[in-house]
């Protein structure tokens, strides 16, 4: 399986500021002093070895959109936040289509940040394309139709070229889509949200964003431990610090890195991927949170070794 | 007057990609070879003199949000795209409020990219704050209420702490707001849009985005020439190339740099600011378009000298 | 605006002379649409005497380009002055019509019979 | 979980001993809430014998911190082991309660009478 992150930010798209861009340049130049940069190869090596990811790159700022490629002949993607503009563009830019033009969307929930890229998802405009929006909410079609209508958008939903279908799923039931086994699970979030588990060839990926884990999560029988069990990759909403998540931002429907590590350990997850980054966090902040999470995992000394990463727009994880 | 750009992108927020970030670093390092970077001062000077804006900085990727500060005691801002998250944060971060907590929003139109930052505009949550959303559309309140409601957003419009009022304006009529003279003008755009002219102390700023100028614009009597007349700053929707704007993207409601220069010349505008950048344009592309526009202005040899710039998130223009 | 013309086999060449702007674009557009509809295989506009083109001149070319496509006629421009060449690039009109460096290049691309006629003078 | 305590003037100090996790957090929370509600001016938790704290232990502190605020009682923690200190920072609990390097520092900050009683042994 291959997971491609097109959008990893929570709530609202958060582009890099001009100050941050200049700071990166300044920092790289400062660090370069005394290094031999006499060839492009040496420059690449300097960037790779002397600069951190946050110093040379960026986590990006597009909202949720994660492609799950199980090798099947149809496309599979979780949520259509702003990241889906680039996802659609990438598909359109291939001279030879990689798959049949059938797009299976799995919708965590219909909050704006998870659907707002759709009006700029070019495949939706192409006759002959099929878009199947899967989800457990009754309101998905209403949300998408409302988004693609006046007064918010000039192209009405019914004018889109693609054939768009809404597929209602039941949580806990197993579905076969694009050669993968897919299961949904209800999550605690305003208006409900759903996590999705994708399984193929003995590999398991769980997409679990916009999900708050309350006090009950410490119970032995907490359902998410089973849902996450042995996942090769757990994409986990770690938007807030634990302190914020259980005080000021209690019931805001998001979780923390601490809870992510604890649940991942209990479920024997192999890799935990921090997701739904706060739009107020810059690259340095996200990297700091990642480093702290890796450190907390070490300190917690529980369960099997757990790899931890922080998702970035453009990231690919092969399983 | 002071104009602060918080969001300058059209259609959909467009964060910088990890590839672009790394490319900037690589380019800066390559160009630094042979330069003495032995002090922070020298590094700053190198960045300022040897790197272009697109090489060291970024135009940003937030959608429309432009603050117009005429020195009055209330806030004035055009549109509430994603840029208004940072606008609101900046206001909240001041230990001493700069103005009375009254926010006068001038709404070009209610398309998503022009209202989508509002749920993350922190001042809207603060009791005692007043938000007046001015505009010529009958649908503004409907659009804002729909955005702040299920299934798209968890905090309902009526739960917002601020007192929010919608103020209907008539195009062509002069209003006094925050010490400025404000006039609206209807623009050609799907569902209509409105440009706003702000005047104070002999200075004039025109905010004219999401406005297509069709063939009639060559007529002597074309109304926008008067509307733009002698503007010190014209913020102009130059999203497309002229070729695209009059063929494939005809009637999509946007204009071009070429038409911007021609209209600005005819109206004796002093500074033309390219705005509503295409989300598919990276920093280098926007800089190239800016350079070409400056060149076209030189070639066109008409009217008074016209300064041309391309808006970026975080830019301030003093008039 | 004076617009000379010449026929080389199945190719028609127009030679407009002067600025292509609000004062001249209507006449230019009319003449260009006539040329495209004249039943020729190809129409070439020699731009060597056009010092400047404004948006309204470019618009005339766009309209003619659309017409030429639906009529199955090849429309191209040739011998642009440096200024006009830049304006074609800035406006992205280099993607709208094919631009040839010289009239001879455009005629060569149009057809053998056009080239023969052109060479014959 | 064994939780010793000591009173220094108007300040109560708790000395929990052992990991603060799922097995022990309930007892810790109960004891902590009692302490906060005991009518003292300040409650200090000496963390020197806590090798580890999990989210549920932190949650107990959050609940007690909220209670202490509404009761007008000062709640602080002191003498964190290096691991627990890191976990407080990672979870941002350093913004939830005041952390003192040593119990003596915490007592000094609490009140003069507490310090006097503490010094007196």
For chain B, averaging the sequence separation of alpha carbon pairs under 8 Å that lie six or more residues apart and dividing by its residue count, the contact order in percent is 19
Among the range C:90-112, those whose backbone N falls under 18 Å of a label point 7 Å along Cα→Cβ from residue C:38 are C:103-104, C:106-112
For chain D, averaging the sequence separation of alpha carbon pairs under 8 Å that lie six or more residues apart and dividing by its residue count, the contact order in percent is 27
Of every Cα-Cα pair in the range B:115-224, the percentage lying beyond 24 Å is 38
Placing each pseudo-label 7 Å from Cα in the direction of the beta carbon, residue A:2 and residue A:248 end up separated by a distance in nanometres of 4.2
Across D:79-92, the residue-averaged tally of Cβ atoms belonging to other chains within 10 Å stands at 4
Neighbour-count ranking for B:12, B:169, B:80 (other C-beta within 10 angstrom, fewest to most) reads B:169, B:12, B:80
Taking the label point 7 Å from Cα along the Cα-Cβ vector, the copy-to-copy distances for residue A:34, listed from shortest in nm with one decimal, are 2.5
Taking Rh as the Kirkwood radius computed over alpha-carbon pairs of the range C:2-113 and applying Stokes-Einstein at 4 °C with viscosity 1.567 mPa s, one gets a diffusion coefficient in µm² s⁻¹ of 96
For the rotation taking chain D to chain C, the chain D residue with the nearest C-beta to the axis, plus the distance in whole Å, reads D:92, 25
Taking R0 as 51 Å and r as the Cβ-Cβ distance between residue B:175 and residue A:98, the FRET efficiency 1/(1 + (r/R0)^6), rounded to the nearest 0.05, comes to 0.40
Inter-copy distances for residue C:102, nm, shortest first, label points 7 Å along Cα→Cβ, are 9.4
Where a ≥ b ≥ c are root eigenvalues of the Cα gyration tensor, a/c under 1.5 meaning rounded, otherwise prolate if a/b exceeds b/c and oblate otherwise, the range A:245-319 counts as oblate
So for R0 = 35 Å, FRET eff. of residue C:66-residue C:102 from the Cβ-Cβ r, to 0.05, ends up at 0.85
Projected onto their principal axes, the Cα atoms of chain B stretch, largest extent first, over whole-Å spans of 60, 50, 40
By the mean-Cβ-within-10 Å protection proxy, highest first, A:28-36, B:189-197 rank as B:189-197, A:28-36
Averaged over the residues of B:140-148, the number of partner chain Cβ atoms within 10 Å of each residue's own Cβ comes to 2
Normalised per residue, the volume inside the convex hull of the alpha-carbon atoms of the protein assembly as shown in Å³ amounts to 195
Under a Gaussian network model of chain A whose springs join Cα atoms within less than 10 Å, the largest fluctuation of A:183, A:63, A:285 belongs to A:285
Taking every DSSP bridge whose two residues both lie in chain A, the antiparallel percent to the nearest 5 is 45
Note on the range A:22-105: contact order normalised by length, alpha-carbon pairs under 8 Å, 6 or more apart, percent, works out to 23
Cα-based Rg then Dmax for the range B:140-179, in Å, read 13.8, 39
Helix C:55-71: inclination vs chain C longest Cα principal axis, degrees, rounded to 10, gives 40
In terms of the alpha carbon gyration tensor, root eigenvalues a ≥ b ≥ c, rounded if a/c is under 1.5 and otherwise prolate when a/b exceeds b/c or oblate, the range B:189-229 is oblate
Protection proxy (average C-beta count within 10 Å per residue), highest first, orders B:104-114, A:215-225, B:246-256 as B:104-114, B:246-256, A:215-225
Computed, not fitted: 222 nm per-residue ellipticity of the protein assembly as shown from DSSP H runs ≥ 4 (each -39500 (n - 2.57)), nearest 500, equal to -9500 deg cm²/dmol
Expressed as a whole number, the average count of other chain Cβ atoms within 10 Å around the Cβ atoms of A:23-34 is 6
antiparallel share of DSSP beta bridges within the range D:2-113, to nearest 5, in %, is 35
Sorted shortest first, the nm distances from the residue B:171 label point (7 Å along Cα→Cβ) to its counterparts in the other copies are 5.0
Per residue convex hull volume, Cα only, the range A:17-137, in Å³ is 156
Under the rule rounded for a/c under 1.5, else prolate if a/b exceeds b/c, else oblate, using alpha carbon gyration tensor axes a ≥ b ≥ c, the range B:60-103 is classed as oblate
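Where a number appears in this text, it was derived from the coordinates with a stated rule and is not lab data. In this text, all values refer to a predicted model and were calculated from it rather than measured experimentally. We place every Cβ from the backbone using ideal geometry, glycine too, and count neighbours over all the protein chains shown.
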